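Structure first, commentary second.
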Amino acid sequence: MAHSKSGSVLLEPPNDVHSPVVPGGELLKLRPSEIIPSKNNPRHLFDREPLDALKKSIRQHGVLVPITVYQPKGQRAYSILDGQRRHACCVELQDEGLEVTIPANVVEPPTKIAALLYMFSIHNFREQWELMPTALALNTVMTELEENDNKVISKLTGLSEPQIQRCKILLTFPERFQQLSLDPNPKTRIPSNFWIEAYPVLNLCEDKMKDLVQDLGRDGITERLVEKYRAKKIKSVLHFRRIMEAYEVGDDGVKAAVLERLRQYIQDAQLETRNAFDEFVMDNRRIVGAINTCDEFIRSIQRLKIDYALERREVKSALEKVRDFAQSLINKLEGGDPPAENVEE
Amino acid sequence: MLPQFLGRARALLRLRGYKPQPVTPKSISNWLNQFDRTDRRLLLDLLNRVIYISEKETRDLLVQRNRSLITELTRQGIPLKKIIYVQIDDAGSSSAAMLNMLKEAALLERRAYAFLDSKDVRGLHEATTKLGDGAIIYVDDFIGTADQFCRSRDFAAEYILETFSEFLLAASVCEEALYALGKRGIQARIGRLHSINERALHESSSLLDFGNKERLLELGRQISRRGSLGYKDLASMVVFYRNAPNSTPWLLRGNVFQKPYVGVLPRTTDLPPRL
């Protein structure tokens, strides 16, 4: 169980932290226009199909379960704590000309931490949520609660542990890099995933290419990767995985070659990721593919129970063909020839 | 002859201080002389229907609305030090200029919590999470459809704590914008609501009689076949000392770079680049 610096157990945080909803003791009937949706763009949150089913139910029976709202200081309308979907349906029904009122439990405005945790619950619903706002909010939660344990944070925020880890990776980058993912212009914004995918590559540089890191600095290498991305020499941020795959699957000789290519890749802004690393990765893919095909062949033949066949001559001849082909390939591989490039027969 | 003279004199008096290109007897003549003599009276009439908001008036509108908003917020438990003022666009934009003007005129410096750019989402996140609750006041001179405003605000809003109430302080807002603002829970404090009926060339306005309006629309189409009524056909008639909104009819603004038609109230971006 995790403890905060102050020694308190954070799975059971102090009351003012984990009790975001303080009932105000009021049940009101509100028009949809008296309620405003979350600032976090909830219209993008919901799948159409379940929303339509809910809308149909509300059209027939009205809103049966009250939503939970609060009134921020200075705001005339109510904000939603729970019930975004019901509200979204009622707005649509109202636009269609139906008079709808929504029963709403009015509670006290949430505390700062509760409001932050609410932001998480909204972000968790988003289909294509941007990682950056979540990472910033997570940072505030971790600082405020003096908590860093992924399990505890996961319980508090509802984020999965891998999501938390991704946010943490994002936060390891200096602010000037994070800022590039906060650009309002989607055309110039660097996607948050860029940093997540680049992170292991930067670690690899730091571990294995100390001279380069000393020369350019980790941030200098990051800058070059950003330049490369902007120059469209990283077509997809997922291509960073090829670098790691190329390094991890190779033997010592290949590893050295990959590192040399990585050095070249960082220094040459024009060298595209796939062009640089596919040769290492493709060979591995061929080998994995060949092994899988062999296994599949054996399994398929076993399934045919060929030993019970009455007409064996044709089968025998076919198997001999396979054997001869396999043997020739084995000979080639043992002899160090390039494997299986012209083996179609 | 006399009505035209009076019309010109009235326009000169009303539109003085327009910064992108001063309105002078010559600029009015240059503008009118591009059209038939028979149309000039109509054009002058249109020009005199422009709602011109001078520097002083802009300042006064913003300061007054801001003062009453602060009083209202203080009464509701939000002191000035819990208010964040936000400009919508880049430095140099009208929003930034309005915020600076307000800051100086209302002596807000060091009294409000922060003055931020809506693009500074990290700053917004840090400020709102530090304060816990409070108000955000967006400041601008003019809001037309609110498209641009909502784009910037929606991006920033993801970083703002939900417990903050949001306000828009603007010298003038077109009535079309109110729905988009209301849907987001943004409470507008407006110096002057610009209704559709005030916009002589707007398709739903009944300010001009049918024949005159049709003639002016035809002249507008000579300048630009499409979109001669400005952005989203708003045909707005509010013009500020600093600039005319992009929803102003082209008949008043003239073509881009003022060729072939010159305008009497060109936007800064309509003027030819200075060498």
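Could you calculate the FRET efficiency of A:R31 with A:Q60 from 1/(1 + (r/R0)^6), where r is the beta carbon distance between them and R0 is 25 Å, rounded to 0.05?
On the way: r = 19 Å, r/R0 = 0.77.
Using R0 = 25 Å, I get an efficiency of 0.80.
What fraction of the DSSP beta bridges in the range B:1-142 is antiparallel, stated in percent and rounded to the nearest 5? Present the calculation step by step, with values, prior to reporting the outcome.
Values: 0 of 9 bridges.
Roughly 0 percent of the beta bridges in the range B:1-142 run antiparallel, per DSSP.
Calculated from DSSP H runs of 4 or more alone, at -39500 (n - 2.57) each and per residue, what is the 222 nm mean residue ellipticity of chain B, nearest 500? Numbers along the way, then the final one.
Values: 10 runs with 112 residues, N = 275.
Calculated at 222 nm, the ellipticity per residue is -12500 deg cm²/dmol.
For a protection proxy built on the mean count of beta-carbon atoms within 10 angstrom, sort A:206-213, B:118-125, A:64-71, A:92-99 highest first, please.
Values: A:206-213: 13.9, B:118-125: 21.6, A:64-71: 17.5, A:92-99: 11.9.
Going by the mean number of other Cβ atoms within 10 Å, highest first, we get B:118-125, A:64-71, A:206-213, A:92-99.
So if I take the alpha carbon set of chain A, get Rg, then get Rh from the Kirkwood formula, what is the Rg over Rh ratio?
Details: Rg = 29.4 Å, Rh = 25.7 Å.
A ratio of 1.14.
Please give the Cα centre distance for the range B:97-166 versus the range A:183-244, rounded to the nearest Å.
Going from one Cα centre to the other spans 33 Å.
In whole Å and largest first, what semi-axes does the C-alpha gyration tensor of the protein assembly as shown yield when each eigenvalue is scaled by 5 and square-rooted? Show your work: numbers first, answer last.
Details: eigenvalues 698, 248, 149 Å².
Here the semi-axes work out to 59, 35, 27 Å.
Where a Cα-Cα gap under 29 Å defines reach, which lysines qualify for A:K210, not counting those fewer than 8 residues away within the same chain?
Cα-Cα hits under 29 Å: A:K168, A:K228, A:K232, A:K233, A:K235, A:K255.
Reported to two decimal places, what Rg/Rh ratio describes the range A:214-292 when computed on Cα atoms with Rh from the Kirkwood expression? Before the final figure, lay out the partial values.
On the way: Rg = 13.3 Å, Rh = 13.2 Å.
Ratio of gyration radius to Kirkwood radius for the range A:214-292: 1.01.
For the range B:197-243, what size does the Cα cloud have along each of its three principal axes, sorted from largest down, in whole Å?
Computed over the range B:197-243, the largest-to-smallest principal extents equal 33, 23, 17 Å.
Treating the range B:55-194 as a set of equal point scatterers at the Cα positions, no solvent, please give the Debye-formula log₁₀ I(q)/I(0) at q = 0.17, 0.19 Å⁻¹.
Debye output, listed in q order: -0.86, -1.12.
May I ask you to work out the translational diffusion coefficient for chain B at 37 °C, viscosity 0.692 mPa s, via Stokes-Einstein with Rh from the Kirkwood sum over Cα pairs, reported in whole µm²/s?
Values: Rh = 19.8 Å.
It comes out at roughly 166 µm²/s.
Would you please give the FRET efficiency between A:F325 and A:N148, computed as 1/(1 + (r/R0)^6) with r the Cβ-Cβ distance and R0 = 56 Å, to the nearest 0.05? Can you show the working numbers first?
Numbers: r = 58 Å, r/R0 = 1.03.
With R0 = 56 Å, the Cβ-Cβ based efficiency is 0.45.
Which value, in debye to the nearest 20, gives the size of the charge dipole of chain A about its Cα centre, when Lys and Arg are +1 and Asp and Glu are -1 at the Cβ?
Numbers: 48 positive and 52 negative charges, 182 e Å.
Its charge dipole is roughly 880 debye.
Over all residues in B:181-194, what is the mean tally of Cβ atoms on other chains that come within 10 Å of each residue's Cβ? Please report the intermediate quantities before stating the final value.
Numbers: counts 0, 3, 5, 5, 11, 4, 4, 0, 0, 0, 0, 0, 0, 0.
That average works out to 2.
How crowded by other chains is B:162-170, given as the mean number of beta carbons from other chains within 10 Å of each beta carbon?
Values: counts 16, 13, 7, 9, 5, 2, 0, 0, 0.
Across the residues of B:162-170, the mean count of other-chain Cβ atoms within 10 Å is 6.
Counting Lys and Arg as +1 and Asp and Glu as -1, each charge on the Cβ, what is the dipole of the protein assembly as shown about the Cα centre in debye, to the nearest 20? If you can, show how the numbers build up before the last one.
Working: 89 positive and 83 negative charges, 596 e Å.
Dipole size: approximately 2860 debye.
Within straight cross-link reach of A:K151, meaning Cα distance under 15 Å, which aspartates and glutamates are found once same-chain residues fewer than 8 apart are removed?
Correct list for A:K151: A:E12, A:E161.
Can you pull a Stokes-Einstein diffusion coefficient for the range B:216-275 at 10 °C (1.306 mPa s), Rh from Kirkwood over Cα pairs, as a whole number of µm²/s? Intermediate values should be presented prior to the final figure.
Details: Rh = 11.2 Å.
Once the numbers are plugged in, D ends up at 141 µm²/s.
For B:K82, which lysines qualify as cross-link partners when the Cα separation must be under 27 Å and same-chain residues fewer than eight apart are set aside?
Straight-line reach from B:K82, under 27 Å: A:K39, A:K73, A:K112, B:K103, B:K119, B:K130, B:K183.
Would you work out which of A:L180, A:I153, A:T140 lies farthest towards the positive end of the dipole of the range A:118-180? Charges go on Cβ: Lys and Arg +1, Asp and Glu -1.
After comparing all options, I get A:L180.
With unit charges on the beta carbon (Lys/Arg positive, Asp/Glu negative), name the residue among B:G191, B:N243, B:L207 whose Cα is farthest towards the positive pole of the charge dipole of the range B:155-275.
Sorting the options by dipole projection puts first B:N243.
May I ask you to derive the FRET efficiency for A:I298 and A:N203 from their Cβ-Cβ distance with R0 = 45 Å, giving the value to the nearest 0.05?
For R0 = 45 Å, the calculated efficiency reads 0.70.
With equal scatterers on the alpha carbons only and no solvent term, can you work out the Debye log10 of I(q)/I(0) for the range A:118-180 at 0.22, 0.24, 0.30 1/Å?
-0.89, -1.05, -1.48
Using +1 on the beta carbon of Lys and Arg, -1 on that of Asp and Glu, and nothing else charged, what's the dipole of the range A:160-243 about the Cα centre, debye to 20?
Working: 16 positive and 11 negative charges, 96 e Å.
Dipole of the range A:160-243, to the nearest 20 debye: 460 debye.
Set Lys and Arg Cβ to +1 and Asp and Glu Cβ to -1, take the dipole of the range B:55-194 about its Cα centre, and tell me which of B:F149, B:L161, B:A97 lies farthest positive.
Working it through, the farthest residue towards the positive pole turns out to be B:L161.
At a temperature of 25 °C and a viscosity of 0.890 mPa s, determine how fast the range B:24-113 diffuses translationally according to Stokes-Einstein, using the Kirkwood radius over alpha-carbon pairs as Rh; express D in µm²/s, rounded to the nearest whole number. Numbers along the way, then the final one.
On the way: Rh = 16.3 Å.
Reported coefficient: 150 µm²/s.
Where does each of B:227-233, B:22-28 land if you order them by average Cβ count within 10 Å, highest first?
Working: B:227-233: 18.3, B:22-28: 15.6.
Answer by packing, highest mean first, reads B:227-233, B:22-28.
Any read-out appearing in this document is the output of simple, stated calculations on the displayed coordinates, not a laboratory observation. A quick note: this is a predicted structure, and the numbers were derived from the prediction, not measured. Using ideal geometry, Cβ is built from the backbone for each residue, glycine included, and neighbour counts are taken over all protein chains shown.
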